[in-house]
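Below: the structure, in structure tokens.
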Amino acid sequence: MVLLSPAERDAVVARLRRAGCVWAEDETRLLVEAADGPEALVGLVDRRVTGEPLEYLLGWAEFCGERVTVEPGVFVPRARTALLVSAATAVTGPAAAVVELCCGSGAIIRALARRLAAPRLLAAVDVDPAAAACARRNLADLAVPVFAGDLFDPLPAAWRGSLDLVVANAPYVPTAALDLLPAESRRYEAPMALDGGPDGLAVLRRVAAAALSWLAPGGHLVVEVGEVQVDGFRAVLAGAGLVPAVVRDDALDATAMTACRPGCGRHAGPGRAARR
Ligand code: GLN
């Protein structure tokens, strides 16, 4: 925290505003709070005006009401992904076994850990060692193990067929659209956290193909997709033997898809949330 005179504070706000920061007042407050001295503050503002994401400068992002640690390159959790969290919570009962794939910072499983009733197993996976290390830091107080590896590969084989919920905010941006992302994403986030291959579904297709054998009967896969990908991914999920449903939130500009492994009525579809 740095103590600034009103004139010094106004100068920081003006500099951020000139650089195109829409929320310059808020960003000033957060950077002043994060800096441990006047020189550190100048350094942070210098980096911000060159376009470095605020979250990397602060070292945290807000997600579902909590501050989650983010580290350089690790995907910054987006507000829209709160829809995936609420969709997953709505289809999952108590004492669930839950795995987050493509976990990045681990923000989703952290939010689920706080919302689900007494989950019996929580774990996260990311192929990027930097993301896995960041997730370990975010999940240490919850004692959630984080595996480094590709999708389901690093999970204990004994978990096959027993997961009640698998969540993933997998990369889904079509490769050709990466250039259209905001510069903050393009320049600072790891491309592997964003690049979903030619149609954006390359990773999600592999998640869907493996999900049936890892889910328990009645268990759900819940993912985020781009709105234009809904029809394509619905067909992928159905082809993988799962029963898909779409959840859309226009205010968040978010689309999530749930997909149930058909099975015992105990864990049946979205209706069950209403019964609880
Ligand atoms: N740009 C997308 C977003 O902001 C990327 C998400 C993804 O690929 N998982 O939500």
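Within the range 180-202, residues that are near the ligand (Cβ under 10 Å from one of its atoms) reach partners that are not in a loop (DSSP other than H, G, I, E, B) and not hydrophobic (A, V, I, L, M, F, W, C) with beta carbons closer than 6 Å, at six or more positions or on different chains, in the pairs D195/T175; G200/Q229.
Counting only strands (runs of 3 or more DSSP E) that sit wholly inside the range 99-206, those with at least 2 residues that are over 21 Å from L83 (Cβ atoms) are 121-126, 146-148. Looking across the range 150-179, the residues that are closer than 17 Å to F75 by Cβ, away from the ligand (no atom under 11 Å from the Cβ) and not aliphatic (A, V, I, L, M) come down to D150, T175. Against the conditions (1) surrounded by 22 or more Cβ atoms within 10 Å (Cβ to Cβ); (2) over 23 Å from L204 (Cα atoms); (3) among the charged types (D, E, K, R), R136 satisfies every one except (1). Restricting P198, P156, P182 to those that are modelled with pLDDT under 95 and surrounded by fewer than 16 Cβ atoms within 10 Å (Cβ to Cβ) reduces the list to P182. Looking only at residues in the range 217-235 that are within 12 Å of the ligand (Cβ to nearest atom) and either part of a strand (DSSP E or B) or not acidic (D, E) (or both), the one that is surrounded by the fewest Cβ atoms within 10 Å (Cβ to Cβ) is G226.
Taking first residues from the range 213-235 that are on the phi > 0 side of the Ramachandran plot and partners that are among the acidic types (D, E) and outside any strand (DSSP E or B), no Cβ contact under 9 Å between residues at least 6 apart in sequence or on separate chains turns up.
Residue-wise test of (1) touching a residue at least 12 places away in the same chain (Cβ under 8 Å); (2) buried (at least 18 other Cβ atoms within 10 Å of the Cβ); (3) within 16 Å of the ligand (Cβ to nearest atom).
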| position | (1), (2), (3) |
| --- | --- |
| L4 | yes, no, no |
| V22 | no, no, no |
| D36 | yes, no, no |
| V42 | no, no, no |
| R47 | no, no, no |
| R67 | no, no, no |
| V85 | yes, yes, yes |
| L101 | yes, yes, yes |
| R115 | yes, no, no |
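Of the residues making up the range 208-216, at least one is surrounded by fewer than 21 Cβ atoms within 10 Å (Cβ to Cβ) and over 17 Å from D164 (Cβ atoms). Screening Y56 on (1) out of contact with any Gly (no Cβ under 9 Å at 6 or more places or on another chain); (2) touching a residue at least 40 places away in the same chain (Cβ under 8 Å); (3) not polar (S, T, N, Q) shows it passes everything except condition (1).
The values are calculated or read from the model by the stated rules, or taken from the named source; none is laboratory data. Source: prediction; values computed, not measured. Quick reminder, even Gly has a Cβ in these numbers, built from the backbone with ideal geometry, and neighbours come from all protein chains shown.
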